[in-house]
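Peer 1: Supplied in structure tokens, the structure appears directly below.
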Amino acid sequence: MQLKNDRYLKALLKQPVDKTPVWMMRQAGRYLPEYRATRAQAGDFMSLCRNAELACEVTLQPLRRYALDAAILFSDILTIPDAMGLGLYFSEGEGPKFERPIRSANDIAQLPIPDPEQELQYVMNAVRTIRRELKGSVPLIGFSGSPWTLATYMVEGGSSRTFPTIKKMMFTDPKALHMLLDKLAQSVVTYLNAQIKAGAQSLMIFDTWGGVLTPRDYQEFSLHYMQKILDGLIREADGRKVPVTLFTKNGGLWLEAIANTGCDGVGLDWTIDIGNARQRIGDQVALQGNMDPSILLGSPERIREEVKTILESYGTGPGHVFNLGHGITPDVNPDNVTVFIDAVHEFSLAMQAD
Ligand code: CP3
């Protein structure tokens, strides 16, 4: 089926578009009252992810309210470690946790590579259901965590600020950590290729915690494995390229290395000026970003001003996908999101016409 709105895919391939496409990380989430209602109906978060009809419903909710240019699969990056047998659960107010975190090289040796159409079939079912229900309106983004980011949760047993356990492993038993990252890279390749087969039209890899590494360790323990993933992906479906975006939060210092992996898009957080990023790597890849999500807590005027600043900093010409620099937070007023999305389209249309 022909896509009605493909400006998100075009921008990632650096083709001309009428307006700058926009979507938001975590666009289906707790800031929306309808999300909270569907989540309450499902019970807990993982039950929502496992129910293809409800996962589809929450994926579509933000698209009913806002003129978004892409949908993102409703799921989580921690589905892979869960499918490896670590026992994912969410404790209220504390984020994700694992019942059986990785503690030793022996634990790592035992880990299976999950079969996407077995243990992770609920994710593929969600992809198929969402693609059907989108009816070609906008493209569907599939995703996964980076091996390093997944490993931090698996070894720490949940969220962390300082990553003491995995960093200790990195410096005392790097071989074991490499074995874990290698298994994760294999799992991610299989998982993302299955998402493409199920209907994902673009992919994003979330490296939320790559930015806590030294430059050398980032290369060795994070970027190297994202490179392996890129090398293993199909990257084409229905005669169309499936663009891949890499997002390392706090990775602004390493843009050249990230762009050199051969990805199509690089995700930026708000700690870098997007015009500066474009000068450095913008002839090689598209750029996604990069408004501070906290701006959405400001006034409509302040939101519009920030959107304009970012669009002007990027400048004219193709290759920009507007997004936040990280996920939208639960305390945002949904009306401010309307202001944000509409401002991206309004100002970028006017800029192209200038
Ligand atoms: O972007 C989207 O709308 C798609 C869905 C999506 C979720 N998580 C839903 C979710 C995506 C792409 C993710 C990715 C994800 N999950 C990342 C990488 C991106 C990032 O945010 O850095 C990470 C690190 C996770 C792990 C994770 N999942 C955490 C730390 C949490 C708890 C955070 C919190 O706010 O409580 C989750 C749970 C989660 N994943 C929620 C959502 C909507 C909140 C669950 C709920 O209570 O309803």
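Every number here is computed from the coordinates shown, using simple stated rules; none is lab data. The shown structure was predicted, so the numbers you read here are calculated from the model rather than taken from an experiment. Every residue, glycine among them, receives a Cβ derived from its backbone with ideal geometry; neighbour counts consider all protein chains shown.
Peer 1: Can you tell me the mean projection area, over all orientations, of the convex hull of region 191-231's alpha carbons? Units nm², please. Kindly include the intermediate steps, with their values, before the conclusion.
Peer 2: Working: hull surface 12.9 nm².
For the Cα atoms of region 191-231, the hull's average projected area reads 3.2 nm².
Peer 1: Non-local amide H neighbours of ASN290 (under 5 Å, H modeled in plane, Pro and chain starts lacking H): which ones?
Peer 2: ASN323
Peer 1: Separate question: When every alpha-carbon pair in region 16-134 is counted, what percent end up more than 22 Å apart? Write out the running numbers ahead of the final one.
Peer 2: Working: 2964 of 7021 pairs.
In whole percent, the share of Cα-Cα pairs in region 16-134 beyond 22 Å is 42.
Peer 1: Given H placed 1.01 Å from N in the peptide plane, which residues other than close sequence neighbours of GLY265 have an amide H under 5 Å from its amide H?
Peer 2: Answer set, sorted by chain and number: VAL244, THR245, LEU246, ALA286.
Peer 1: Over the chain, what is the relative contact order in percent, taking alpha-carbon pairs closer than 8 angstrom and at least six residues apart?
Peer 2: Value for the chain: 22 percent.
Peer 1: Show the residues, 5+ positions off or on another chain, whose built amide H is closer than 5 Å to the amide H of LEU120.
Peer 2: Amide H neighbours of LEU120: ASP115.
Peer 1: At a threshold of 8 angstrom on Cα-Cα distance, excluding pairs fewer than six apart, so keeping six or more, what relative contact order does region 232-323 reach in percent?
Peer 2: Details: 116 pairs, mean separation 21.9, N = 92.
The value is 24 percent.
Peer 1: Using Cβ contacts closer than 10 Å as the measure, can you line up ASP44, ASP342, ASP69 from fewest to most?
Peer 2: Details: ASP44 13, ASP342 16, ASP69 27.
Ranking ASP44, ASP342, ASP69 by Cβ neighbours within 10 Å, fewest first, gives ASP44, ASP342, ASP69.
Peer 1: Could you line up SER146, SER159 from fewest to most neighbouring Cβ atoms inside 10 Å?
Peer 2: On the way: SER146 28, SER159 12.
The fewest-first ordering by Cβ neighbours comes to SER159, SER146.
Peer 1: Separate question: With θ set to phi - 60°, apply the Karplus curve 6.51 cos²θ - 1.76 cosθ + 1.60 along region 281-290 and write out the HN-Hα couplings as whole Hz, x wherever there is a Gly or Pro.
Peer 2: Rounded to whole hertz, the list is 9, x, 8, 9, 9, 7, 10, 10, x, 8.
Peer 1: In degrees between 0 and 90, to the nearest 10, how far off the longest principal axis of the chain does helix 174-198 point, with axes built from Cα atoms?
Peer 2: On a 0 to 90 degree scale, this one is about 50.
Peer 1: Still on this structure, please answer the following. Residue by residue through region 201-211, which ³J(HN,Hα) values in whole Hz follow from phi under the Karplus form 6.51 cos²θ - 1.76 cosθ + 1.60 (θ = phi - 60°), with glycine and proline marked x?
Peer 2: After applying 6.51 cos²θ - 1.76 cosθ + 1.60, I find 9, 7, 10, 10, 10, 8, 10, 4, 10, x, x Hz.
Peer 1: Separate question: Could you give me the ³J(HN,Hα) list for region 110-123, computed from phi with Karplus coefficients 6.51, -1.76, 1.60 and θ = phi - 60°, whole Hz, x at Gly and Pro?
Peer 2: Each residue of region 110-123 in turn: 7, 5, x, 8, x, 8, x, 9, 10, 4, 10, 4, 4, 5 Hz.
Peer 1: Normalized C-alpha radius of gyration of the chain, against 2.2 N^0.38 Å? List each step's numbers first, then the result.
Peer 2: Numbers: Rg = 19.3 Å, N = 354, 2.2 N^0.38 = 20.5 Å.
It is 0.94.
Peer 1: Rank SER202, SER313, SER144 by mean-square fluctuation in a GNM of the chain with C-alpha springs under 10 angstrom and give only the top-ranked residue.
Peer 2: Largest GNM mean-square fluctuation: SER313.
Peer 1: Using 25 Å as the Cα-Cα cut-off, could you pick out the over-long pairs in LYS197/LYS249; LYS19/LYS135; LYS97/LYS168; LYS167/LYS197; LYS135/LYS183? All intermediate terms of the calculation are to be shown ahead of the outcome.
Peer 2: Working: LYS197/LYS249 28 Å; LYS19/LYS135 22 Å; LYS97/LYS168 20 Å; LYS167/LYS197 36 Å; LYS135/LYS183 36 Å.
Table pairs above 25 Å Cα-Cα are LYS197/LYS249; LYS167/LYS197; LYS135/LYS183.
Peer 1: Separate question: How much length is gained on full extension from LYS241 to ARG100, taking 0.36 nm per residue of separation minus their Cα-Cα distance? Don't skip to the end; give the middle numbers.
Peer 2: Details: separation 141, 0.36 × 141 = 50.76 nm, distance 3.86 nm.
46.9 nm is the gain from fully extending LYS241 to ARG100.
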